[in-house]
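Below is one structure, written out as structure tokens, with a few remarks after it.
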Amino acid sequence: EGGLLAINDPRLAARAEIIWEKGTNRAAFARGEAARYEWVDVGSSFLPSELNAAYLWAQLEAREAIQKQRQKLWEHYAIALAPLATDGVFQLLPTIPNTQPNWHLFALLCRNETERDALLAYLRQQHILAVFHYLPLHCSPYYSSRHDGRPLLHAERFSRTLVRLPLYHNLRPEQQQRVVESIKNFYAGR
């Protein structure tokens, strides 16, 4: 558990504090601003332990170096896999002109679900953890009964075809190259 919330609108600060305090007015009570401690809104537990906070702080201090490394890894995937994408073997997620990705993930879109599942199984056999993790909100147990029934074709397509490749700041070049070569080998046989 843990998190960071930055608010750029002071009007949201009071509610954010309540949400942060598990939906209670505990902070206001501790300051003597409320007569009793009670639940007043939605909330959750976001408070990290001191040890987790120390790790987070160290990562925040190194964020520029971490982001540069993630960018380098992301760009390597993009360059190495571009020829296959150009040949129509799969699609790479597009980048938006005049913006900079946050280098959070690198994914490709297979032609169909069967191919996606086969690629994931092949990579797993190579001891490479690539995943599909995207379930459209309208298909989730919580939201499905609230959905108005409209077909959301793009969301459903991404759910069936997306493959997320390993991307973390200390991924070694030889590990990343193994991922790329494994993907190339998988598609060479098709």
Options 14, 28; residue that is loosely packed, with under 14 Cβ neighbours inside 10 Å and either closer than 25 Å to residue 104 by Cα or not assigned by the TED database to the domain that holds residue 103 (or both): 14
Members of the range 131-164 found to be more than 18 Å from residue 84 (Cα to Cα) and hydrophobic (A, V, I, L, M, F, W, C), listed by number: 131, 132, 135, 137, 139, 152, 153, 155, 158
Test: residue in the range 34-53 that is more than 30 Å from residue 119 (Cα to Cα), touching a Gly at 6+ places or on another chain (Cβ under 6 Å) and assigned to a helix (DSSP H, G or I): yes
Test: residue 140 is polar (S, T, N, Q), in contact with a helix residue (DSSP H, G or I) (Cβ under 8 Å, 6 or more places away or on another chain) and more than 18 Å from residue 70 (Cβ to Cβ): no
Residue tally, condition in the same structural domain as residue 118 (by the TED database), open to solvent by 60 Å² or more (accessible area, probe 1.4 Å) and hydroxyl-bearing (Ser, Thr, Tyr), over the range 39-90: 1
Selection from the range 115-166 of residues that are open to solvent by less than 40 Å² (accessible area, probe 1.4 Å), out of contact with any Pro (no Cβ under 8 Å at 6 or more places or on another chain) and of a type in the set (S, T, N, Q): 140, 161
Search result, residues across the range 167-190 that are surrounded by fewer than 11 Cβ atoms within 10 Å (Cβ to Cβ) and either among the small types (Gly, Ala, Ser) or part of a helix (DSSP H, G or I) (or both): 173, 174, 188, 189
Pairs with Cβ under 7 Å, 6+ apart, first in the range 108-137 and under 14 Å from residue 159 (Cβ atoms) and modelled with pLDDT under 95, second in a helix (DSSP H, G or I) and among the aromatic types (Phe, Trp, Tyr): 134/158
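The values are calculated or read from the model by the stated rules, or taken from the named source; none is laboratory data. Computed from a predicted structure; not experimentally measured. Positions of Cβ are backbone-derived with ideal geometry, glycine not excepted, and every protein chain shown enters the neighbour counts. Just so you know, the surface numbers come from the protein's heavy atoms only, side chains and all, with ligands and any DNA or RNA stripped out. Shrake-Rupley method; radii C 1.70, N 1.55, O 1.52, S 1.80 Å.
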